[in-house]
1. If the requirement is being farther than 17 Å from residue A:77 by Cβ and either hydrophobic (A, V, I, L, M, F, W, C) or surrounded by fewer than 24 Cβ atoms within 10 Å (Cβ to Cβ) (or both), which of these qualifies: A:130, A:151?
2. With respect to residue A:95, determine if the residue is more than 14 Å from chain B (Cβ to nearest Cβ), β-branched (Val, Ile, Thr), buried (at least 20 other Cβ atoms within 10 Å of the Cβ) and on the phi < 0 side of the Ramachandran plot.
3. Give the number of residues within region A:141-158 that are in contact (Cβ under 8 Å) with a residue 40 or more places away in the chain and not in a loop (DSSP other than H, G, I, E, B).
4. Only residues that are more than 10 Å from chain A (Cβ to nearest Cβ) and over 18 Å from residue A:51 (Cβ atoms): list them for region B:124-142, please.
5. All but one of (1) of a type in the set (A, V, I, L, M); (2) within 12 Å of chain B (Cβ to nearest Cβ); (3) touching a Phe, Trp or Tyr at 6+ places or on another chain (Cβ under 8 Å) hold for residue A:180, so report the exception by its number.
6. Can you name the residue in region B:50-94 that is among the hydrophobic types (A, V, I, L, M, F, W, C) and farther than 30 Å from residue B:121 by Cα and, of all such residues, is modelled with the lowest pLDDT?
7. Tell me which of these residue A:145 doesn't satisfy, since it passes every other one: (1) crowded, with 24+ Cβ neighbours inside 10 Å; (2) within 14 Å of chain B (Cβ to nearest Cβ); (3) not aliphatic (A, V, I, L, M).
8. Mind checking which pairs have a first residue in region B:131-149 that is touching a residue at least 24 places away in the same chain (Cβ under 8 Å) and part of a helix (DSSP H, G or I) and a second that is surrounded by fewer than 21 Cβ atoms within 10 Å (Cβ to Cβ) and aromatic (Phe, Trp, Tyr), Cβ under 7 Å, 6 or more apart or different chains?
Amino acid sequence: MIKIKNLYKSFGDKEILRNLNFSIENEECVSIIGKSGIGKSILLKHLIGLMEPDSGEIHVNNKLINNLTFKELQKIRNKISMVFQFGALFDFMNVIENVSLPLKKLTDFSNKEIEEYAKKSLIDVGLEGAELMMPSELSGGMKKRVGIARAISAKPEYILYDEPTTGLDPIMTHSINNLIKKIHNEEKLTSIIVTHEMKTVLNVSDRVLFLDEGIIKYDGPPSKMYNCKDKTVLEFLEVSGSL
Amino acid sequence: MINFFKYPFDLFYSIVEGLGKFFSLIFFSLKAISDWRENLSNILDQIIIIGLKSLPIVIFTSLFSGMVAGMQATYQFDIDTGIPTNLLGQTLRYLGSVIGTSVLLELSPMVTALVMTGKIGATITAEIGTMRITEQIDALESISFNPISYLIMPRIIASLIMFPYLIIVGDIFGLLGGLVASTSSYEPLTATMFFDGLKMNTNLVNDCVVGVIKGLFFGFAITSIACYKGYYTEGGAEGVGKATTYTVVASCISIVLLDYILAAILL
């Protein structure tokens, strides 16, 4: 379970997150939506300890993770994986090396086991045969798939997706959405997705958090978003063609 | 008007902040040396990149800078000494000593460091800076890697190991260039005289050691500035370009400053 209490973050005079409070239950699939530059990705980076809040608390599995040392944070990060917006693949490694890296770091598997697990992760995301390709040879959709394969390879409890469908065509978007759904259901993960895509929200998630001006303006199931009274939420739905 | 008064304070604050970040990064990089076993393959990769792959350019630049030194020394000797012919042979031997000292103390360490600033400093900043803006460093951290141990410490260790070695290679080829150019451009000077002159210099080994010590400091300065600018790159592709330029300029200034300080201390 992830629990956020009074999370506050600012950069200079700009307040990004203003005393956020919410919790995410195990095996829930939650989408965080909102306008660009509103702090969704920043919120995600707080959950994995890549950023520290100015104040407030972040609890993962009932353990407070802010202000932990690097080694203490490592134990938490073993349970959380993140899929970055543009894949963030290591460009000096090929696909199989990228996917194997978390296994090498986080498990005691032999080299043979690591290779088997990495290949299985690639099969799960539909990329068998791409093991020896370099990131520069991959399309945008393939990069995202490799990013997902790398994230699931070490069997995390939580998976965080930062705009997994940004920059993809509708067919690829549909395919990535199905992949996220499949992984969520099969691996029994807790998934948190930062997105702009209402299709992702509607097809994949159980719950939506709408972030605006540093606070959560809607927290509930996707289907009930349309009944929300908040102007910004309704404007977002209207502009995204969902209303 | 407000900005006019605010500017010096902002500048002072950014300098202090930058120095704080730089020294803290260096401190954690040196602390990360204890993780060397885990990162041995990265250290070896960097040894190949910084050391072995830089050999051709170091050989080329040292050879030609030695040749220029040789040619200039004989030119000066030729035009303004006015030494009587019966003493010429004796005096010519000093040429080997003069050229040798210039190469070992100054030319080889300085030219190697400046060339390595362009080749290695710029590459390190561009690599690490690109990893920063494409979130690869965040991705490393998210899978429990310490990016300082994984990316920065191996580069600093490799440069500390390989710079002295590159300086020694530069010394050898610088002296060779000096020998070839001076003997071919000034007929009375022979290779035997040149080597006699080198042997006359009783500080030859000491000069070589001073050059190698300079190389160690230059290597550390170049790599640490390059890693720092890469690690804290922001602002997309433009940011990487700016950081790379800063690395080259700051490294060149540091080399010249360090050269003077080390010469004052060691000579």
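1. Working: A:151 fails: farther than 17 Å from residue A:77 by Cβ.
None of the other options fit; the residue is A:130.
2. Details: more than 14 Å from chain B (Cβ to nearest Cβ): yes; β-branched (Val, Ile, Thr): yes; buried (at least 20 other Cβ atoms within 10 Å of the Cβ): yes; on the phi < 0 side of the Ramachandran plot: yes.
When the stated conditions are applied, residue A:95 passes them.
3. Final tally of qualifying residues: 11.
4. Across region B:124-142, the qualifying residues are B:124, B:125, B:126, B:128, B:129.
5. It is condition (2) that residue A:180 fails.
6. In the first step, residues of region B:50-94 are kept if they are among the hydrophobic types (A, V, I, L, M, F, W, C); the result is B:50, B:52, B:55, B:57-60, B:63-64, B:67-69, B:71, B:73, B:77, B:79, B:83, B:87-88, B:92.
Applying the additional criterion that residues be farther than 30 Å from residue B:121 by Cα yields B:71, B:73, B:77, B:79, B:83, B:87-88, B:92.
On the way: B:71: 90, B:73: 86, B:77: 75, B:79: 60, B:83: 65, B:87: 64, B:88: 67, B:92: 75.
Ranking the qualifying residues of region B:50-94, first place goes to B:79.
7. (2)
8. What qualifies is B:148/B:28.
The values are calculated or read from the model by the stated rules, or taken from the named source; none is laboratory data. Since the structure is predicted, the reported quantities are computational estimates derived from the model, not experimental observations. Cβ: placed from backbone, ideal geometry, glycine included. Neighbour counts: every protein chain shown.
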